[in-house]
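One structure is given below, encoded as structure tokens.
The values are calculated or read from the model by the stated rules, or taken from the named source; none is laboratory data. Because the structure is a prediction, the values reported are computed rather than measured. Neighbour counts are summed over all protein chains in view; Cβ atoms, including those assigned to glycine, are modelled from backbone coordinates with ideal geometry.
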Amino acid sequence: MVDAQGDSIDLDKVYPVKHSFVIKTNPGAIVWGQIPLTAEYRVGFETVTGVNQSAQFDLSYFRKSPIVTAVEDSIASGSNYDLRLRVRGFRIQTQYRFYLNRMFDGLMGGDPYLATAPNGLFIAPHVSYAQASFSTRNASRFDVYTNVSHLNINLLSGFQLVFGGISMEAFMGLGWKQNRWVEYELGSKRVLSRDELSDLMFPLYASPIKLSGGFNFGIAF
């Protein structure tokens with residue numbers, strides 16, 4: 001970058017990057033994941049790619065939600081493990097963040113570290129794909145199961161603060177989604193229609209409109 005006098009400016013010295021990597025998660029997703037009835041064990045990796053930019057990649061593994069387990073334990077058939085729900089799946093996410101901190105230097109307390117990624121207000125294009133299979137031990141013996149997949153593309157906005165090596169962030173977003181349920185039975189399959197998904201879940205779940213929101217905690221270094 002060149003200033004008004006024609007001298008070169010090193011942005012890395014004006015805006016020094018203190019933390020270049022963040023490992024993060026959302027503990028709440030273990031109770032209820034992105035796909036209904038699941039527990040989502042998620043870990044995210046954010047790496048700073050520039051003074052005000054970063055890339056993030058998230059991996060998740062799906063198991064059965066502890067809420068479902070508690071319900072199964074409370075009913076008479078809960079002791080029959082052959083009838084209990086079995087869940088297996090995964091999720092991958094990626095996003096590229098643009099931090100807007102230099103627009104708000106005066107609001108960042110004058111600390112130059114707070115004016116660089118991974119701190120502050122950001123916007124990010126985001127893509128997520130999740131898939132999980134639902135069955136029981138009895139049903140799986142006969143190749144009977146339901147496969148659920150969620151694909152969504154979003155524009156996120158949020159705020160992340162790194163303090164003392166600990167990161168906290170909250171975000172929200174709007175985008176497009178495709179939620180798909182496929183039932184498999186003895187080699188045949190049936191795709192549930194949007195109306196069926198709406199009746200099974202709720203209208204917004206079957207809609208292509210995606211509303212996002214959440215938070216993460218992590219460690220920065």
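How many residues, within segment 151-169, are crowded, with 21+ Cβ neighbours inside 10 Å and farther than 18 Å from Gln95 by Cα?
The qualifying residues number 1.
For the condition of a type in the set (S, T, N, Q) and touching a Leu at 6+ places or on another chain (Cβ under 7 Å), what is the one hit in Ser74, Ser60, Ser65?
Working: Ser74 fails: touching a Leu at 6+ places or on another chain (Cβ under 7 Å); Ser60 fails: touching a Leu at 6+ places or on another chain (Cβ under 7 Å).
Unique residue meeting the criteria: Ser65.
Hey, any hits in segment 186-206 for a residue that's touching a residue at least 24 places away in the same chain (Cβ under 8 Å), surrounded by 18 or more Cβ atoms within 10 Å (Cβ to Cβ) and within 30 Å of His19 (Cα to Cα)?
Residues of segment 186-206 touching a residue at least 24 places away in the same chain (Cβ under 8 Å): 186-187, 201, 205-206.
Still in the running and surrounded by 18 or more Cβ atoms within 10 Å (Cβ to Cβ): 206.
This time we only want the ones that are within 30 Å of His19 (Cα to Cα), so: none.
Among the residues of segment 186-206, not one is touching a residue at least 24 places away in the same chain (Cβ under 8 Å), surrounded by 18 or more Cβ atoms within 10 Å (Cβ to Cβ) and within 30 Å of His19 (Cα to Cα), which makes the answer no.
Being modelled with pLDDT of 90 or more and either more than 29 Å from His150 (Cβ to Cβ) or of a type in the set (D, E, K, R) (or both) narrows it down to one of Glu72, Glu46, so name that one.
On the way: Glu72 fails: modelled with pLDDT of 90 or more.
Of the residues listed, the single one that is modelled with pLDDT of 90 or more and either more than 29 Å from His150 (Cβ to Cβ) or of a type in the set (D, E, K, R) (or both) is Glu46.
Given the criteria among the aliphatic types (A, V, I, L, M), part of a strand (DSSP E or B), touching a Leu at 6+ places or on another chain (Cβ under 7 Å) and farther than 21 Å from Arg88 by Cβ, does Leu121 qualify? Let's see the steps before the verdict.
Working: among the aliphatic types (A, V, I, L, M): yes; part of a strand (DSSP E or B): yes; touching a Leu at 6+ places or on another chain (Cβ under 7 Å): yes; farther than 21 Å from Arg88 by Cβ: yes.
Answer is yes for this residue.
Given Glu169, Glu183, which one is modelled with pLDDT of 95 or more, within 17 Å of the chain's Cα centre (by Cα) and either in a loop (DSSP other than H, G, I, E, B) or not polar (S, T, N, Q) (or both)? Even if it seems obvious, please write down each step before you answer.
Values: Glu183 fails: within 17 Å of the chain's Cα centre (by Cα).
Answer to the check: Glu169.
Given the options Ser149, Ser198, name the one that is more than 22 Å from Thr25 (Cβ to Cβ) and over 19 Å from the mean Cα position of the chain (by Cα).
On the way: Ser149 fails: over 19 Å from the mean Cα position of the chain (by Cα).
Criteria check complete, one pass: Ser198.
Anything in segment 137-154 that is farther than 18 Å from Leu204 by Cβ, of a type in the set (A, V, I, L, M) and at pLDDT 95 or above? List them, or say none.
The first filter runs over segment 137-154 and keeps only residues farther than 18 Å from Leu204 by Cβ, leaving 137-147.
Filter once more, so that each one left must be of a type in the set (A, V, I, L, M): 139, 144.
Val144 - this is the single residue of segment 137-154 that is farther than 18 Å from Leu204 by Cβ, of a type in the set (A, V, I, L, M) and at pLDDT 95 or above.
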